[in-house]
Amino acid sequence: MRQNGSERTDANARRRKTPIETIAVIDFETTGISPAQGARATEIAAVLVQGGQIVGRFQSLMNTGAWVPPFIEHLTGISNAMLRTAPPARAVMREVAQFTQGCPLVAHNAAFDRGFWQAELARADCEPDAAHAFACTVLLSRRLYPQAENHRLGTLAKLHALPNAGRAHRALADAEVTAHLLLLMQRDVAQRYAAPLRGAAVTHRLLTALQRAQRAQLGRCVEREVAQAAGAWSGVVPVVAGASTHGA
């Protein structure tokens, strides 16, 4: 469905009916590398993942009034002419904030997307959502797939034969590929660490812990996080000896 330059499938009703965690995978296209350097967003997409599948999509160009340099236009295919008729950035960010409300976030190279997410939400006067913590599939890939030539999204998509979602460097295509990568990571963690997981789900919280752990300590990290989650339910926080969560 297309409305005012945006494409979306609303999964809010499905999310309310189940306690299964819903994660929002986001991707921006922008005029540059950092909001601190004056760059603005030109497009955003969010893909909702729940229960091992994609359950919702949002995509929209966004008009910030910023100029798109020629090399960015060549890279993304997003032109200044396209943005002149796009919805205002304020309206788009308010809509995507509602679409992702209550969902933890994932991005490929999350430091980049987090910067634009926070900057554009602030410009739109959106209240911060405490659920919007980021996990990063680049950091996770470095730990889970050290055999990869590099950890660019295209390289990982080819390595793992992920579905082709369309042109690279467009927000929805990149967000969908990242969503498929996230689903693969959740399956791989569940298989590799089945014993310490003891049937527990591979949650966003666990992924954010794994992305900070040393590669040799991933199993211990899973054990600790499962124990802590169990302790949270019972009101007691267990301590797993020898756990380490440091290292890049």
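The values are calculated or read from the model by the stated rules, or taken from the named source; none is laboratory data. Being a predicted model, the structure only gives us computed values, none of them experimental. For neighbour counting, all protein chains shown are included, and Cβ atoms are generated from backbone atoms with ideal geometry for every residue, glycine included. To get the accessible areas, we keep the full protein, side chains included, count just its heavy atoms, and leave off ligands, DNA and RNA. Shrake-Rupley method; radii C 1.70, N 1.55, O 1.52, S 1.80 Å.
Yes/no per residue for (1) over 26 Å from Leu207 (Cβ atoms); (2) buried (at least 17 other Cβ atoms within 10 Å of the Cβ); (3) touching a residue at least 12 places away in the same chain (Cβ under 8 Å); (4) within 19 Å of the chain's Cα centre (by Cα):
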{"site": "Thr42", "(1), (2), (3), (4)": "yes, yes, yes, yes"}
{"site": "Gly52", "(1), (2), (3), (4)": "no, no, yes, yes"}
{"site": "Thr64", "(1), (2), (3), (4)": "yes, yes, yes, no"}
{"site": "Leu75", "(1), (2), (3), (4)": "yes, no, yes, no"}
{"site": "Phe116", "(1), (2), (3), (4)": "no, yes, yes, yes"}
message: Within the stretch 121-145, take every residue that is in a loop (DSSP other than H, G, I, E, B) and touching a Lys or Arg at 6+ places or on another chain (Cβ under 7 Å) and give me the one that is surrounded by the most Cβ atoms within 10 Å (Cβ to Cβ).
response: Ala124
- line: Listed by first then second residue, the pairs whose first member lies in the stretch 183-202 and is of a type in the set (Val, Ile, Thr), whose partner is outside any helix (DSSP H, G or I) and open to solvent by less than 50 Å² (accessible area, probe 1.4 Å), with beta carbons under 8 Å and at least 6 positions apart or on separate chains, are Val189/Val202
- request: Would you be able to say whether some residue in the stretch 235-244 is at pLDDT 50 or above and in a helix (DSSP H, G or I)?
  value: no
query: Applying the selection to the stretch 43-84, what residues are in contact with a Pro (Cβ under 9 Å, 6 or more places away or on another chain) and under 19 Å from Arg167 (Cβ atoms)?
result: Ser60, Leu61, Met62
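Got a number for residues in the stretch 152-182 being in contact with a strand residue (DSSP E or B) (Cβ under 7 Å, 6 or more places away or on another chain) and charged (D, E, K, R)?
Filtering the stretch 152-182 down to residues in contact with a strand residue (DSSP E or B) (Cβ under 7 Å, 6 or more places away or on another chain) leaves 169-172, 174-176, 178-179, 182.
When the remaining residues are screened for being charged (D, E, K, R), the result is 170, 174, 176.
Adding up the residues that qualify gives 3.
Of all residues in the stretch 169-183 being out of contact with any Leu (no Cβ under 7 Å at 6 or more places or on another chain) and farther than 13 Å from Ala45 by Cβ, which is surrounded by the fewest Cβ atoms within 10 Å (Cβ to Cβ)? Write out each step before concluding.
Let us first name the residues in the stretch 169-183 that are out of contact with any Leu (no Cβ under 7 Å at 6 or more places or on another chain), namely 170-173, 175-176, 179, 182-183.
Of the ones still in play, those that are also farther than 13 Å from Ala45 by Cβ are 182-183.
Numbers: Leu182: 24, Leu183: 18.
Among residues in the stretch 169-183 that are out of contact with any Leu (no Cβ under 7 Å at 6 or more places or on another chain) and farther than 13 Å from Ala45 by Cβ, the one surrounded by the fewest Cβ atoms within 10 Å (Cβ to Cβ) is Leu183.
Residues are listed down the side, and each one gets a yes or a no for (1) aromatic (Phe, Trp, Tyr); (2) closer than 25 Å to Val138 by Cα; (3) not in a loop (DSSP other than H, G, I, E, B):
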site: Gln59; (1), (2), (3): no, yes, yes
site: Ala81; (1), (2), (3): no, no, yes
site: Gln101; (1), (2), (3): no, yes, no
site: Ala111; (1), (2), (3): no, yes, yes
site: Ala119; (1), (2), (3): no, yes, yes
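Answer with yes or no whether Leu153 is surrounded by 19 or more Cβ atoms within 10 Å (Cβ to Cβ) and either farther than 18 Å from Thr30 by Cβ or among the acidic types (Asp, Glu) (or both).
On the way: surrounded by 19 or more Cβ atoms within 10 Å (Cβ to Cβ): yes; either farther than 18 Å from Thr30 by Cβ or among the acidic types (Asp, Glu) (or both): no.
So Leu153 does not fit the description; no.
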query: For the stretch 156-166, how many residues are assigned to a loop (DSSP other than H, G, I, E, B) and over 22 Å from Thr31 (Cα atoms)?
result: 6
field: Those residues of the stretch 203-222 which are free of Cβ contacts under 8 Å to residues at least 40 places away in the same chain and open to solvent by less than 20 Å² (accessible area, probe 1.4 Å), in sequence order
entry: Leu206, Ala209, Cys221, Val222
statement: For the stretch 13-57 the number of residues that are at pLDDT 95 or above, in a loop (DSSP other than H, G, I, E, B) and among the hydroxyl-bearing types (Ser, Thr, Tyr) is 2
